[in-house]
């Protein structure tokens, strides 16, 4: 399918000239590992980034103008799962960038290994983000820390990893899952609490509540 694709205001992303759908420029033309829609324009191939399947895409569709991610970046991805969002971040950082994908579940890391066989800039690591000592010797300093973890202490995990791995001037992206922290608490009040917790340590540069694309989720972006 061919249509006019133009650069998005967020670095390393693209959009339809007429429409709101967002894309990455594929580093592996001809492959759609998650059965995503592919479009072609000027001999380039673009993969549609679905905001119903990714908190990062949802935040961008909801108006985020700076996700922090740049070409050639080193990314520490906590809670990488099967690699849907990571595959698009892989396009964004390009072949000279690298993504260290952390997850404690052997089955999803197995799936990520298959993805990484094609996408050489993804490094799967079986480990628990709550225990960064498990991968301290496997990960270098990062330009980006991205976290999408369903644990009660997810803010503390994020802060700990940012202190250990995030470069000064680097960006951290925290997808907050309210129901994983306190199922009885109003999600918006909980989001404000976590934002204040992060503001005491870092500079918060963006904050997006992701409803209705991702119910009871928000994405907070910080700069160290």
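Values for this structure:
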read-out	value
Selected residue [surrounded by fewer than 16 Cβ atoms within 10 Å (Cβ to Cβ) and on the phi > 0 side of the Ramachandran plot] from 43, 66	43
Evaluation of residue 162 against (1) over 15 Å from the mean Cα position of the chain (by Cα); (2) farther than 21 Å from residue 54 by Cα; (3) buried (at least 17 other Cβ atoms within 10 Å of the Cβ); (4) in contact (Cβ under 8 Å) with a residue 40 or more places away in the chain (one fails), failing number	(1)
Residues being in contact with a helix residue (DSSP H, G or I) (Cβ under 6 Å, 6 or more places away or on another chain) and assigned to a strand (DSSP E or B) - total across the range 157-203	4
Residue pairs meeting the criteria (Cβ under 9 Å; at least 6 apart or on separate chains; first on the phi > 0 side of the Ramachandran plot, in the range 207-220; second crowded, with 19+ Cβ neighbours inside 10 Å and assigned to a loop (DSSP other than H, G, I, E, B))	216/210
From 150, 175, 141, residue being touching a strand residue (DSSP E or B) at 6+ places or on another chain (Cβ under 6 Å), farther than 14 Å from residue 103 by Cα and surrounded by fewer than 21 Cβ atoms within 10 Å (Cβ to Cβ)	141
Filter result (more than 19 Å from residue 87 (Cα to Cα) and either in a helix (DSSP H, G or I) or outside the structural domain of residue 169 (by TED's automatic domain parsing) (or both)) within the range 104-148	132, 133, 134
Yes/no for residue 47 being modelled with pLDDT of 95 or more, more than 24 Å from residue 125 (Cα to Cα) and touching a helix residue (DSSP H, G or I) at 6+ places or on another chain (Cβ under 8 Å)	yes
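The values are calculated or read from the model by the stated rules, or taken from the named source; none is laboratory data. The model shown is predicted, which means the values in this text are computed figures rather than measured ones. We place every Cβ from the backbone using ideal geometry, glycine too, and count neighbours over all the protein chains shown.
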